[in-house]
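Written below as structure tokens is the structure these notes are about.
The values are calculated or read from the model by the stated rules, or taken from the named source; none is laboratory data. All values reported here derive from a predicted model rather than from experimental measurement. Here the Cβ is made from the backbone with ideal geometry for all residues, glycine too, and neighbour counts use every protein chain on show.
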Amino acid sequence: MSKIDHQIVGISVGLLIFLYLESLGYGVFSRVGAAFLAFWGATAPDWLEIAHAEKGYNGKWQRVSVIPHRTFTHWLPLWTLPAIAVLYFLPVHGQIFLHPYRADALALLLGFLTGGLSHLICDIPNPTGVPVLLPTAKHRISLRLWKSGSGFEWLEILLFWGVTAGAWLLLPG
């Protein structure tokens, strides 16, 4: 999936997080901030690799990363476990047991983590997949449906936007 496709999905996830936090009673700062961080997080697994271009031996430019592509930054537990923890501790504003600023920080973190998770979900149909057990393991989750850039990414985009539309209709707010 291209960067722009991940960003389109990130907008969808940002709106989902906005609606979810609104249903929990969070203020506009937390909702907008979490939505922005979801958009930013949707491309995070790629830019966290700290990639740059270098000329190869053949004289052509190639992408080189400090962290190899689809290893640590695409490791499913690295994004899933903190997201579960944040959801567990995220208070409903009627029952705050945390300082309000800490609750807002958790809401912002949830936005970033859900954006990152959307990136991994969108990489699963690709033959390369995403690592699950170990970040450098050869065994990965992959549906092997299409290669990146094949033109089928719009199906994932439609799926995310369909879920967002459903949430907009169903969530109170």
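Numerical summary
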quantity	calculated
Evaluation of S23 against (1) part of a helix (DSSP H, G or I); (2) among the hydroxyl-bearing types (S, T, Y); (3) out of contact with any Pro (no Cβ under 7 Å at 6 or more places or on another chain) (one fails), failing number	(3)
Test: residue in segment 131-139 that is exposed (fewer than 13 other Cβ atoms within 10 Å of the Cβ) and hydroxyl-bearing (S, T, Y)	yes
So A34, is it touching a residue at least 12 places away in the same chain (Cβ under 8 Å), crowded, with 17+ Cβ neighbours inside 10 Å, within 22 Å of K3 (Cβ to Cβ) and out of contact with any Leu (no Cβ under 7 Å at 6 or more places or on another chain)	no
Residue among R102, R63 that is out of contact with any Ser or Thr (no Cβ under 9 Å at 6 or more places or on another chain) and part of a strand (DSSP E or B)	R63
Residue identified as modelled with pLDDT of 95 or more and either touching a His at 6+ places or on another chain (Cβ under 9 Å) or more than 23 Å from P68 (Cβ to Cβ) (or both) among T128, T114	T114
Near pairs, Cβ below 7 angstrom, 6+ apart or cross-chain, from segment 61-75 (on the phi > 0 side of the Ramachandran plot) to any residue that is among the polar types (S, T, N, Q)	R70/T128
